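Peer 1: My questions all concern the structure below.
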Amino acid sequence: MTTTIDTRSLLFASTSDSCHLMPCKVHLDDEANTSIFFHPSIKQEGQLKTAAFRGRPLNGKVLDIPSGYTGVMLTERGKRSTEEEDRLLLVSHKFDHFTYWNLDKEPSSDDLTQRAMQWIDLSSVLHRPISSEESKDSQESVKGQ
Amino acid sequence: MDQSMYEADRQANCLIESPVCNRLKSEPCWLGVDEAGRGPVLGPMVYGICFSPVADKEKFGSMGFADSKTLTEEQRDNIFSEINSSLDLLGWMVEILSPAYISNSMLRRDKYNLNALSHDCAIRLVKTAIDRGVNITELYVDTVGDPVKYQAKLKEVFPSIDVTVAKKADSLYPVVSAASICAKVARDKAVKNWEFEENITLDEPNYGSGYPGDPKTKQFLEASFDRVFGFPNFVRFSWSTAALIMEKDGVSVEWEDDEDDEGGTESTPTVSQFFKKKSERPELKQHRFFIQRQLTPVTSL
């Protein structure tokens, strides 16, 4: 089974201004009445937001997608009849920021999601091609120890 | 009672108060505390206080206050307007605790129960009266929970005030009856004038009493139910009636602080497991940088 993401669909994807990362798992993969039930509960004070979901208090903050990256929402056309069948995913929406929500706790740089984003910077450093100059320097410094 | 401030933001709590005349600041006063709308699954709970000079207890008693529950809505409205034309004799304050505040408090990480929330609101109101300069010497409170413990708590907060906490204080002390009328009038008005942020319009705006057992209230809960979000924020999500409907008809939702029902599966390893031969090739382990951030490589979707 192979999974293919049709990257051409990115061109036609609409931009979403309202993407929320919830601190709970909602066992549903379908549309929901967010604009009616969720958006009115959102209050903003400075950078921090509060809201409620099912009566529980949430604290949120808008996080930007790091530059050079795009947030995408993938949707699948049709349903597979067997597990082995190939999957084709299309980009239905893209976003450059999202609201990150914690359950009753102000978002901080200690939160998993914010820490996971550190990998993006780290990976670009790790995967950056090293110039011959740099590699010579680092070898010498190892020798010196 | 002008509730425009509450109507501007029905998610927030709101304090509404009468003017405080000079007599209430210079003369010793008795103050009554009572609540309205504690049981219903719908709408705000309202805490009310009323205060008047001790010297005028008799005059105050003759104003015909009675426990708000024994009066009709019309009678309560009449008495409330009488209260407002006697502001040289008394003063009042109410705090509207929004259903969103009640739900959020009771469903936060460290649960804040309704009794503690009620006690804190009563204390806040008495403190506000003191801040306004009211000279309180006697405090009468309709109990929430154990009256002995509640009385001890209040005495600790207000050591210089004579505190009486009693069951049915609203029928024993006219100053508590008056407080209960203020609270009930505020609660009724807030419920009657409720406008849904969720754009719900009801054919017949009748929620019934708001008590879980009322068929009209049940009907409203069913009609306004959303499988993902539950209910409009007019509903107290922390009430078992609401929680049960969400559990039965709603999409299931898992929270990080949910209590684990299946804790037993990964219990302590048996002794023999320690003597098992380790597999030849130890599994490649992720660096803890990734483990700590719960990052895993994705090979399929």
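Peer 1: Within the P(r) computed for the range A:3-108, what percentage of the Cα pairs occupies the region above 25 Å? Present the calculation step by step, with values, prior to reporting the outcome.
Peer 2: Values: 1813 of 5565 pairs.
Across the range A:3-108, Cα pairs with separations above 25 Å total 33 percent.
Peer 1: When every alpha-carbon pair in the protein assembly as shown is counted, what percent end up more than 27 Å apart?
Peer 2: 66 percent
Peer 1: Let me ask something else. Find the relative contact order for the range B:97-184 and round it to a whole percent, using C-alpha pairs within less than 8 Å whose residues are 6+ positions apart.
Peer 2: Relative contact order for the range B:97-184 comes out at 23 percent.
Peer 1: Please state, rounded to one decimal and in Å, the Kirkwood hydrodynamic radius that the range B:4-192 gives when every pair of distinct Cα atoms enters the mean of 1/r. Please report the intermediate quantities before stating the final value.
Peer 2: On the way: mean 1/r = 0.0608 Å⁻¹.
Radius from the Kirkwood sum: 16.4 Å.
Peer 1: Still on this structure: Send over the Kirkwood Rh of the range B:157-212, from the inverse of the averaged 1/r over different Cα pairs, rounded to one decimal Å.
Peer 2: Final number for the Kirkwood radius of the range B:157-212 is 14.6 Å.
Peer 1: For n ≥ 4 DSSP H runs only, could you compute -39500 (n - 2.57) per run for chain B, divide by its residues and tell me the 222 nm figure to the nearest 500? Write out the running numbers ahead of the final one.
Peer 2: Working: 13 runs with 116 residues, N = 301.
The per-residue figure over chain B is -11000 deg cm²/dmol.
Peer 1: Starting with the fewest neighbours, write out B:V298, B:V228, B:V157, B:V235 ranked by other beta-carbon atoms found within 10 Å of each beta-carbon.
Peer 2: Final ranking by Cβ density, sparse to dense: B:V298, B:V157, B:V228, B:V235.
Peer 1: Moving on to the next point. Relative contact order for the range A:3-108: what is it in percent, counting Cα pairs under 8 Å that are at least 6 residues apart?
Peer 2: Averaging sequence separation for qualifying contacts and normalising by length gives 42 percent for the range A:3-108.
Peer 1: Work out, in µm²/s and without decimals, the Stokes-Einstein translational diffusion coefficient of the range A:92-136 at 20 °C, 1.002 mPa s, Rh from Kirkwood over C-alpha pairs. Mind showing how you got there, number by number?
Peer 2: On the way: Rh = 13.7 Å.
Estimated via Stokes-Einstein, D reaches 156 µm²/s.
Peer 1: Return A:L10, B:L90, A:L126, B:L221 ranked ascending by Cβ neighbour count within 10 Å, so the fewest neighbours appear first.
Peer 2: Least crowded to most crowded, the residues run A:L126, A:L10, B:L221, B:L90.
Peer 1: Using Cα pairs under 8 angstrom and six or more residues apart, how large is the relative contact order of chain B, in percent?
Peer 2: On the way: 445 pairs, mean separation 73.0, N = 301.
Dividing the mean separation by the residue count of chain B yields 24 percent.
Peer 1: Sticking with this one: Beyond a 27 Å Cα-Cα separation, which of these cross-linked pairs lie in this structure: A:K25/A:K79; B:K168/B:K189; A:K43/B:K69; A:K43/B:K192?
Peer 2: Too far apart for the 27 Å limit: A:K43/B:K69.
Peer 1: Let me ask another. Indicate, rounded to the nearest 5 percent, the antiparallel portion of the DSSP beta bridges found entirely in the range A:3-108.
Peer 2: 75 percent
Peer 1: Can you put B:D146, B:D2, B:D214, B:D188 in order, fewest other beta carbons within 10 Å first?
Peer 2: Ascending Cβ contact count within 10 Å gives the list B:D2, B:D146, B:D214, B:D188.
Peer 1: Here's another thing I want to ask about it. How far is helix A:132-144 tilted, in degrees, relative to the longest principal axis of the Cα atoms in chain A, given as a value from 0 to 90 rounded to the nearest 10?
Peer 2: 70 degrees
Peer 1: Which aspartates and glutamates have a Cα lying under 13 Å from the Cα of B:K153, excluding residues fewer than 8 positions away in the same chain?
Peer 2: B:D120, B:D162
Peer 1: log10 I(q)/I(0), Debye, Cα-only the range B:92-213, no solvent, q = 0.21 Å⁻¹?
Peer 2: Per q value, in the given order, log10 I(q)/I(0) is -1.38.
Peer 1: Quantify how strongly other chains surround peptide B:221-234 by giving the mean number of their Cβ atoms within 10 Å of each of its Cβ atoms. Could you put the intermediate results ahead of the total?
Peer 2: On the way: counts 0, 0, 0, 0, 0, 4, 4, 11, 12, 5, 3, 3, 5, 0.
The mean count of partner-chain Cβ atoms within 10 Å per residue comes to 3.
None of the figures in this text is laboratory data; all of them are computed from the coordinates on show. The shown structure was predicted, so the numbers you read here are calculated from the model rather than taken from an experiment. Because the Cβ atoms are built from the backbone with ideal geometry, glycine has one as well, and the counts that use them run over all protein chains shown.
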